[in-house]
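Every number in this text was worked out from the coordinates using simple rules, so none of it is lab data. These numbers were taken from a predicted model, which means no experiment stands behind them. When we count neighbours, we look across all protein chains shown, and the Cβ atoms used for this are built from the backbone with ideal geometry, even at glycine.
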Amino acid sequence: MRLFIFVCIALLLPGAEAFPQSIFRTIVRDAVSAEPLPGVNIIFIGTNIGAATDDSGYAEVKNIPDGNYNILFSYIGYEKKELALTFPSEAEVIELRLEPEAEEIEEISVTSTRGSRLIDDEPTRVEVIAGEEIDEKISMDPSNISMMLNESTGIQVQQTSASSVNNSFRIQGLEGRYTQLLKDGFPLYTGFSGSLSISQILPLDLRQIEIIKGSSSTLYGGGAIAGLINLVSKIPQEEKDLSFLLNMTSALGVDASGFYSQKFDDYGLSVFVSSNTQRAYDNNDDNFSDLPGIERYTVNPKFYFYLSEKTSLEVGGALMIEDRLGGSIPLIRGDEDSVYTYTEENSTDRASSIFCFDHRFDESRSLTIKNSIGYFDREIILPDYSFNGKQVSSFTEMSYSSSSDGSDWLFGLNLLTDDFSDNSAAAKKRDYSDLTSGVFVQNTLDINEGVILESGLRTDYNKDYGWFILPRVSLLVKFSGSLTSRVGGGLGYKIPDIFTEDAEELAFRNVLPLNKDEVEAERSYGINFDVNYRTILFDELTFSVNQLFFYTRINDPAVLLSVETPPVVYEYSTLPGHFDTRGAETNIKFTYDHYKLFIGYTYVDARTHVGENVTEFTLTPEHRLGIVLIYEKHSDFRIGLEGYYTGSQKLSTGESTRDYWINGLMIEKRFGKISLFLNFENFLDTRQSKFGPMYTGSPSNPEFVEIYAPTDGRIINGGVKLNL
């Protein structure tokens, strides 16, 4: 018996060699650059055997039973590749190269950082709303960029007028006056001209929108305490770009836009034209407009001259005129009414010119000279009051850049002027003239393959407030191809003016001129830190997450206070304390086949500190959440479902508002060069009038409540886009 058992064991032990174990070794590289790819998923199809490459692109799989296998290699942004192997294999280390996917070949470069690097190699954290997403948002609202910004994580669009629907925007809880809004790097929306800006800028001619959150004053001077938003226009290509859009809404709005651009041998041009009309619309039947009547016309021509292979010149301009009338619906419609007599009219003329000369000495050195001039004229007419002002501003800059051996340098100097004339009947005119000059230097240094440092220093001089020294630093660390992190911070400042959200809500009525001898310049410092991770799950699902933490403090903020001497007037003074805002942003993206899921969450804790007294910012939700699910077949069909949650907010009375959801559904179908779209915005009809009355007092002299939720409610729009 023992002999039998011994023989069986002896037979079984050699039998293990009937199932021998092998080792698979590989190095995976980029097919174009030959650089190793870390984090590549390797799956033996039909088994649970697999691995992922390390930072050197190397992976090793042990204990592979002999046999025939199909091995799948997958990595975000690259085409999948299968390899058929039989084990045991004679190959010691197999080198494999993955091809970039067609959609990823056109990598995103950013202009707001003033460098020439791709976004993945830029130490300053930049968020980009790219062309495809812009095209999607155009189908939802082609009349302005308000929705596009409001649906971006960390940005809140704040309505400042119930009847005229004027809007401002906030980044991380801070008012719009602390953010620079640029067009192709030109500050065309400063001071008074920032009024109504995002309500009047159209998206059809935009290539992308670049957003930098946190202090950016070193890059563009004062005003960029909360960050900057740069609207980047489409530029002519050799292939003609001709597109048209026609949109109509259930709220009686019509939008018609056209864009053309093309590059020829030694010149190029682009032209954008638009007509936007909106009839006064009352969604809650209270006889006051929830959308004002609007008539707006816009034309933006640009010319590009390619003087040589190394020299180019860009000149262009923009012209916009708009009439906006809100208030009593009976009166707007021309009916005789002795009760509803309140209206609010805004007439706006906006014009600007740009000039940009660029010369490259060689592949690494270039000189750029830029200039813009802006003109803005706005008149506000109320039943017993009017305000009219004109602003002329200019921006001139010369910069020199060079790069060599992993180090990029930028040197520059600029000059900004801002002149405002108060043409209203106010007893005390609010005219001002401002001049600021500055010099700056920035360096981006590749410390090694995985660490890039960007540092900068600006010195500005303002004729009224003196000198400002503004350092900034950002660091990018690439732990692997899947995991990166950025940390950055800097100082900022803001020259005070009267054009704030508080004054806008008053239509500048009884707002006294700014006393620059008593109101100090606002100064700030801020820091942000983020981590970005991306991978492939279950061999089919791509996943990426970006987690941002931020903090900004503003010392000596200028605030508008009422003076209790009849009649009540308002004046700006320096708060004996500070503002600060801290919080976090989370952005998550899943992609599976034709499906994309985006989740964005923002937490903001924004407070005013005066001694021991700490109060929350008004109309600033602590929690905001956005969820967007899209099914898309490129050049064929797109359907998107979205939901946005806004948490409770504090009113100036100290009361808390209720939270709410806004939902939307968008469908778009493409037939060759024609796209048909239909959008159901806010289809659950969430609006503030459902939560309470929109005004107190009499219809002839209403006092509108603070706006914290949508006023227009459900709107359905649809139309056609032509790309010829």
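Quick look at the values:
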read-out	value
Residues listed by number, the range 363-385, amide nitrogen under 16 Å from Ser109 label point at 7 Å toward C-beta	363-368
Hits among aspartates and glutamates - C-alpha to C-alpha of Lys478 under 14 Å, sequence gap 8 or more where chains match	Asp54, Asp55, Asp120, Asp121, Glu122, Asp446, Glu449, Asp530
Proxy reagent accessibility, fewest Cβ within 10 Å first, across Phe499, Phe288, Phe691, Phe361	Phe361, Phe691, Phe499, Phe288
Extension gain, Leu118 back to Ser437 (0.36 nm per residue minus Cα-Cα distance, nm)	111.8 nm
46 Å tail of the calculated P(r), the chain, as % of Cα pairs	26 percent
Among 198-209, 73-84, the order from most to least packed when residues are scored by Cβ within 10 Å on average	198-209, 73-84
Prolate/oblate/rounded label for the range 456-534 (Cα gyration tensor, a/c 1.5)	oblate
Potential extension, Ile369-Thr86 segment - 0.36 nm per residue separation minus Cα distance	95.6 nm
Tensor-based shape of the range 105-230 (alpha-carbon gyration tensor, a/c under 1.5 rounded, otherwise prolate or oblate)	oblate
At R0 = 35 Å, FRET efficiency that the Cβ-Cβ distance of Ser402 and Val563 yields, to 0.05	0.05
Lys240-Glu132 FRET efficiency (beta carbon distance; Förster radius 25 Å; 0.05 resolution)	0.80
Helix-derived mean residue ellipticity, 222 nm - over the chain, DSSP H n ≥ 4, -39500 (n - 2.57), to 500	-1500 deg cm²/dmol
Distance between the range 553-615 and the range 181-235 - C-alpha centres, whole angstrom	19 Å
Cα gyration tensor category, rounded, prolate or oblate, for the range 182-278 with a/c compared to 1.5	oblate
Ranking of Thr179, Thr565, Thr620 by count of other Cβ atoms within 10 Å, fewest first	Thr565, Thr620, Thr179
Set of aspartates and glutamates near Lys721 by C-alpha distance (under 16 Å), chain-local residues within fewer than 8 positions excluded	Glu132, Glu133, Asp135, Glu136, Asp141, Asp205, Asp241, Asp255, Asp636, Glu668
Net charge of neighbours whose Cβ lies under 11 Å from the Cβ of Tyr304, counting Lys and Arg as +1 and Asp and Glu as -1	-1
Extension gain, Ser544 back to Val610 (0.36 nm per residue minus Cα-Cα distance, nm)	19.7 nm
Distance from the range 249-302 to the range 76-139 (C-alpha centre basis), Å	36 Å
Inter-probe distance in nm under a simple model that places probes 7 Å from Cα toward Cβ, at Lys589 and Leu445	3.2 nm
Order of Ile119, Ile354, Ile45 - criterion: other Cβ atoms within 10 Å of each residue's Cβ, fewest first	Ile45, Ile119, Ile354
Virtual spin-label span in nm between Ile94 and Tyr645, 7 Å along Cα→Cβ	4.7 nm
Ser656-Leu676 pseudo-label distance in nm [points 7 Å out on the Cα-to-Cβ vector]	4.8 nm
Residues Asp517 and Leu597, FRET efficiency given R0 of 45 Å [Cβ-Cβ distance, rounded to 0.05]	0.25
